[in-house]
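As structure tokens, the structure follows; a few thoughts come after it.
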Amino acid sequence: MIILRPDQAQLKQAVYDGWNAGRANMLAVLPTGGGKSVIVSDIVLDRHQAGARQCVIAHRKELVGQMSLHVARRGIKHRIVGSKTTIAQIVAEHRREFGGKSFINPDANCTVASVDTLVSRADTLKQWAAQIDDWTIDEAHHVLKANKWGKAVAMFPNARGLGVTATPRRADGYGLGSHHDGVFDEMVCGPSMRELIDMGALCDYETAVPESDFEIDEAALAPSGDWSTKRMRAAAKRSHVVGDVVHE
């Protein structure tokens with residue numbers, strides 16, 4: 001049995017308060033390690049017990065597998081919308097963790113989906129998507145109306161939504177709110193990373209800063225605000241950064 005910490009229960013309640021106040025799509029923010037997937041699976045369990053049809057959406061196949069395990073740990077049977085390879089890997093993970101048992105059921109009301117597979121099958125899934133009551137998206141800072149995440153959300157015209165993320169501020173400046181570039185009507189926040197550390201939910205930092213000749217300038221920044229992989233690779237090869245890491 002999984003019991004939420006008081007701070008997790010408070011954030012979960014804030015999501016429900018938003019829905020009850022008429023906010024269709026809620027964004028919940030919690031630092032990495034704070035337990036976003038645990039809160040999501042708790043809400044999925046609530047809604048499952050209420051008979052809701054749900055779709056939980058993740059990005060990479062590894063995250064689809066992780067979310068499937070979180071849902072399975074609540075005893076919820078669910079279908080997977082993903083490649084045959086992804087489904088086979090998830091079934092194998094279930095059998096390893098649950099003593100040979102799998103919670104994958106193609107007829108279940110709950111679905112865990114890969115965003116890419118979902119969007120690529122939009123036409124064939126149209127009738128099913130219209131019956132979904134709730135959608136949930138992990139790593140929800142990706143969701144903009146105009147991108148594949150927004151297209152996935154638009155597939156569910158009769159559903160309310162929940163997005164969870166640790167990083168709601170995008171480097172490219174696009175907004176996640178429905179009044180700007182995104183789809184969310186209200187944002188609710190859990191404790192900060194320092195507050196989670198102080199309450200014993202996360203370990204404190206231990207920072208090491210070795211001397212290094214690794215150098216890269218701001219010209220290597222891509223439009224997204226991330227460093228150019230090509231420039232980073234070249235700078236690493238010029239430096240002794242790998243040796244520094246091993247030495248330290």
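Readers should treat all values here as calculations from the given coordinates under stated rules, not as data from a laboratory. Quick caveat: nothing in here was measured; it's all calculated off a predicted structure. Cβ: placed from backbone, ideal geometry, glycine included. Neighbour counts: every protein chain shown.
Cross-linked pairs LYS36/LYS84; LYS84/LYS148; LYS12/LYS101; LYS77/LYS126; LYS148/LYS237: Cα-Cα separations exceed 25 Å for LYS36/LYS84; LYS12/LYS101; LYS148/LYS237. Note on the chain: helix-only mean residue ellipticity at 222 nm, from DSSP H runs of 4+ residues weighted -39500 (n - 2.57) and normalised by residue number, equals -11000 deg cm²/dmol.
Applying both filters, DSSP loop and at most 12 other Cβ atoms within 10 Å, to the chymotrypsin sites (Phe, Trp or Tyr not before Pro) of region 199-228 gives TYR205.
The angle separating the long axis of helix 61-73 from the principal Cα axis of greatest extent in the chain is about 50 degrees.
Sorted by mean Cβ packing within 10 Å, highest first, what order do the peptides 1-7, 230-236 take?
Result, highest mean first: 230-236, 1-7.
Plainly put, region 6-198 has a radius of gyration that is 0.95 times its Kirkwood radius, both from alpha-carbon atoms, as the Rg/Rh ratio.
Summary value for the chain: 24 percent relative contact order, contacts being C-alpha pairs under 8 angstrom separated by 6+ residues.
Contact order, relative form, for region 34-163: 30 percent (alpha carbon pairs under 8 Å, 6 or more residues apart, mean separation divided by residue count).
Close amide H partners of ALA113, meaning residues 5 or more places away or on another chain with modelled amide H under 5 Å apart, are VAL56, ILE57, ALA58, VAL81. Peptides 182-195, 99-112 ordered by packing proxy, namely the average of other Cβ atoms within 10 Å per residue, highest first: 182-195, 99-112.
Here the 3J(HN,Hα) profile of region 84-91, calculated from phi with Karplus coefficients 6.51, -1.76 and 1.60 at θ = phi - 60°, is 4, 5, 4, 4, 4, 5, 5, 4 Hz, Gly and Pro shown as x. Packing here is the average count of other Cβ atoms within 10 Å per residue, and on that basis the peptides 16-22, 86-92, highest first, run 86-92, 16-22. Phi-derived couplings, Karplus 6.51 cos²θ - 1.76 cosθ + 1.60 at θ = phi - 60°, listed residue by residue for region 17-25: 4, x, 4, 5, 8, x, 7, 5, 10 Hz, with x used for Gly and Pro.
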